[in-house]
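This report concerns only the one structure given below.
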Amino acid sequence: MPSLKDLRNRIASVKATQKITKAMQMVAAAKLRRAQEAAEAARPYSQRMASVLANLSAAMEGRDDAPPLLAGTAKTDNHLLLVCTAERGLCGGFNSSIAKLAREHADDLISEGKTVQILCVGKKGFDALKRLHGQRIIDTINLRGVRQIGFVNAHDIASRVLEMFDNGEFDICTLFYSEFKSVISQVPTAQRLIPSQVEAEAEVEPLDLAGAIYDYEPDETEILETLLPRNVAIQIFRALLENAASEQGARMSAMDNATRNAGEMIDKLTLSYNRQRQAQITKELIEIISGAEAL
């Protein structure tokens, strides 16, 4: 049984931890609003881009000059998994859920005889995947020093992915991130990035409207050569913003639970301390009374 001093030290330690988790919860709540606004603001642009690309891709259907970013390489042997997670922990199951989805996808591809490469964005994704798929991780992109995610960060990642695609290092690229729904709900998502899967992004506008036909200037091929690489950067940017909001929401929820658990532990330790102290006082009183009666 721990002594009274041990219980006092334990109570003081848990109270200090409770102050830290409460402070982290308040910081996450303050950051969440800005991150949520940024994620929600990026969705309409991303969906509109997908709608335009869907119309253009429909016009290119069946043509031999369709760009590889849209039509693919006609092979499905080599896969690149772009796994976006956080740089820090203490955010519940946020990082592990994304890594689990990526790990299951990789295992399915490997069982089919496909070649899998993994590019991690964020330290926690690398930590979660390195044990089983460490030999397949080609690099880890560190964003720890970035205080606020900007398009330039997504553009750098997109440039790296597009360069690998141009060099023939993969045929299909899949993006993994967590879509923000609410403070208590973040949905791990797998999105095919290359070739562009534009139909699933938004409600596609029809090519004709009241009998009118879209006429593109310059032609569709030239427009797609500009829009498709930009769409890759936009989808990565959206994923990073969704991740930022999901991370803060998950951290806020996790720290709130940790603060409550610390409070419950303090109550139990205090009760145990008071009982043991009362038993010790009672024992000392009995010894004094017994000694007095012996005299």
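The values are calculated or read from the model by the stated rules, or taken from the named source; none is laboratory data. Since this is a predicted model, take the numbers as computed values, not measurements. No Cβ is skipped: glycine too gets one built from the backbone with ideal geometry, and neighbour counts run over all protein chains shown. Just the protein is used for accessible areas: all its heavy atoms, side chains included, with ligands, DNA and RNA removed. Shrake-Rupley method; radii C 1.70, N 1.55, O 1.52, S 1.80 Å.
Each residue in region 19-58 was checked for being over 20 Å from the mean Cα position of the chain (by Cα), basic (Lys, Arg) and at pLDDT 90 or above, and 2 of them qualify. For region 146-155, a residue qualifies if it is within 26 Å of LEU227 (Cα to Cα), open to solvent by 70 Å² or more (accessible area, probe 1.4 Å) and not hydrophobic (A, V, I, L, M, F, W, C), and the qualifying residues are GLN148, HIS155. It is to be established whether one or more residues within region 172-183 are under 19 Å from LEU240 (Cα atoms), open to solvent by 30 Å² or more (accessible area, probe 1.4 Å) and at pLDDT below 80. No, the conditions are met nowhere in region 172-183. Within region 156-171, restricting attention to residues that are surrounded by 17 or more Cβ atoms within 10 Å (Cβ to Cβ) and touching a helix residue (DSSP H, G or I) at 6+ places or on another chain (Cβ under 9 Å), the residue that is nearest to ALA250 (Cα to Cα) is ILE157.
Is one or more of the residues making up region 74-88 in contact with a Pro (Cβ under 7 Å, 6 or more places away or on another chain) and either assigned to a helix (DSSP H, G or I) or hydroxyl-bearing (Ser, Thr, Tyr) (or both)?
Initially, region 74-88 is screened for residues in contact with a Pro (Cβ under 7 Å, 6 or more places away or on another chain), giving none.
No, region 74-88 has no match at all.
Return a yes/no flag: does region 111-126 have any residue that is small (Gly, Ala, Ser), out of contact with any helix residue (DSSP H, G or I) (no Cβ under 6 Å at 6 or more places or on another chain) and either farther than 20 Å from MET164 by Cα or in a strand (DSSP E or B) (or both). Checking region 111-126: at least one residue is small (Gly, Ala, Ser), out of contact with any helix residue (DSSP H, G or I) (no Cβ under 6 Å at 6 or more places or on another chain) and either farther than 20 Å from MET164 by Cα or in a strand (DSSP E or B) (or both). Just to be sure before I move on: is ARG277 open to solvent by 50 Å² or more (accessible area, probe 1.4 Å) and either touching a Phe, Trp or Tyr at 6+ places or on another chain (Cβ under 9 Å) or over 17 Å from ILE184 (Cα atoms) (or both) in the structure I sent? Yes: the conditions hold for ARG277.
For region 12-56, a residue qualifies if it is of a type in the set (S, T, N, Q) and either open to solvent by 80 Å² or more (accessible area, probe 1.4 Å) or touching a helix residue (DSSP H, G or I) at 6+ places or on another chain (Cβ under 6 Å) (or both), and the qualifying residues are THR17, GLN18, THR21, GLN25, GLN36, SER46. May I ask you to say which residue of LEU143, LEU101 is part of a helix (DSSP H, G or I), open to solvent by 20 Å² or more (accessible area, probe 1.4 Å) and aliphatic (A, V, I, L, M)? Sole residue among the options that is part of a helix (DSSP H, G or I), open to solvent by 20 Å² or more (accessible area, probe 1.4 Å) and aliphatic (A, V, I, L, M): LEU101.
Can you pull out the residues in region 128-137 that are free of Cβ contacts under 8 Å to residues at least 24 places away in the same chain and part of a helix (DSSP H, G or I)?
LYS130, ARG131, GLY134, GLN135
Within the option set LEU269, LEU285, LEU228, LEU295, being open to solvent by 50 Å² or more (accessible area, probe 1.4 Å), at pLDDT 85 or above and either among the polar types (S, T, N, Q) or out of contact with any Cys (no Cβ under 9 Å at 6 or more places or on another chain) (or both) holds for one residue only, LEU285. ILE137 - would you say it is touching a helix residue (DSSP H, G or I) at 6+ places or on another chain (Cβ under 9 Å), modelled with pLDDT of 90 or more, farther than 14 Å from GLN117 by Cβ and open to solvent by less than 50 Å² (accessible area, probe 1.4 Å)? Spelling it out, it is not the case that ILE137 is touching a helix residue (DSSP H, G or I) at 6+ places or on another chain (Cβ under 9 Å), modelled with pLDDT of 90 or more, farther than 14 Å from GLN117 by Cβ and open to solvent by less than 50 Å² (accessible area, probe 1.4 Å). Cβ-Cβ distances below 6 Å connect the following pairs, each with a first residue in region 253-282 that is over 22 Å from LEU32 (Cα atoms), a second residue that is open to solvent by 40 Å² or more (accessible area, probe 1.4 Å) and β-branched (Val, Ile, Thr), and a separation of six or more residues or different chains: ALA262/THR17.
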